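S.K.: Before anything else, here's the structure in question.
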Amino acid sequence: MADIPATMVKELRDKVGGLPFKSCKDALIEADGDMDKAVEVLRKKGELKGAKLKSKVASEGLVTSYIHTGSRIGVLVEVNCQTDFVAKGDDFHQLAKDIAMQIAASPNVEFISIEEIPLEVRENELAAELQREDLLSKPEKMRAQIAQGRVDKLFKERTLLDQPFIKDQTKTVGELINDKIAKIGENIKVRRFSRFVLGEGIEKEEKNFAEEVAAQTGGLA
């Protein structure tokens, strides 16, 4: 049962304490849409423990940076945890550095998670996909499924937590953070980030090569 409506995913998220959208949707797919079985799926995967930790307020942490070789790309990221003790630990520092490096390597990433993307943006993208020429001739239900799949794929490419982790492509950044939550025993969240690219947004002056040579030689032929 791959056609899981967003309302059902939201119901499961509310029931289990706000686990990631993707985790809940995958559990519902595995459980063939059965809510109780989906909860059991999440329990067996150990994600319910993480859900309880994720309800805790994370107000400590650190701001860290990553400057790529050549100093043309830089990242600032704020990663939060619950206590100052954890914030000073090597595991947490390494996680924050890895996340900063991930952002540097992910030029398409604009958001932390799908939940962070404004509903209006998601609805507009879905409406646009539904009007694609290659879908107009398909049955309505099939058209909706294909369009939703395309939108999900598009947003996964734009969200940090859905990126394959650069040091281990078998897990996503979200799964990496969940692993650290389970290991450390505290809630961990990426709160915000900024990615800087040297010269981005600056209109570069382009000169005709012949004019440039003439200017350098004082206009002499």
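S.K.: When the residues of region 1-32 are filtered to those that are among the small types (Gly, Ala, Ser) and within 19 Å of residue 153 (Cβ to Cβ), which remaining residue is modelled with the lowest pLDDT?
M.R.: Taking the candidates together, the pick is 2.
S.K.: Moving on to the next point. Restricting the search to region 175-187, which residues are touching a Lys or Arg at 6+ places or on another chain (Cβ under 9 Å), β-branched (Val, Ile, Thr) and more than 21 Å from residue 106 (Cα to Cα)?
M.R.: Result: 181, single match.
S.K.: If you don't mind, another one. Among 180, 153, 189, which is the only one that is of a type in the set (Lys, Arg) and either on the phi > 0 side of the Ramachandran plot or in contact with a helix residue (DSSP H, G or I) (Cβ under 7 Å, 6 or more places away or on another chain) (or both)?
M.R.: 180
S.K.: Restricting attention to region 76-110, which residues are assigned to a helix (DSSP H, G or I), touching an Asp or Glu at 6+ places or on another chain (Cβ under 8 Å) and either on the phi > 0 side of the Ramachandran plot or crowded, with 16+ Cβ neighbours inside 10 Å (or both)?
M.R.: 86, 87
S.K.: Does region 141-163 include one or more residues that are surrounded by fewer than 17 Cβ atoms within 10 Å (Cβ to Cβ), free of Cβ contacts under 8 Å to residues at least 40 places away in the same chain and of a type in the set (S, T, N, Q)?
M.R.: No, region 141-163 contains no residue that is surrounded by fewer than 17 Cβ atoms within 10 Å (Cβ to Cβ), free of Cβ contacts under 8 Å to residues at least 40 places away in the same chain and of a type in the set (S, T, N, Q).
S.K.: Take residue 35 and tell me if it is surrounded by 13 or more Cβ atoms within 10 Å (Cβ to Cβ) and either at pLDDT below 95 or among the hydroxyl-bearing types (Ser, Thr, Tyr) (or both).
M.R.: So residue 35 fits the description; yes.
The values are calculated or read from the model by the stated rules, or taken from the named source; none is laboratory data. All figures in this text were calculated on a predicted structure; none of them were measured in a lab. No Cβ is skipped: glycine too gets one built from the backbone with ideal geometry, and neighbour counts run over all protein chains shown.
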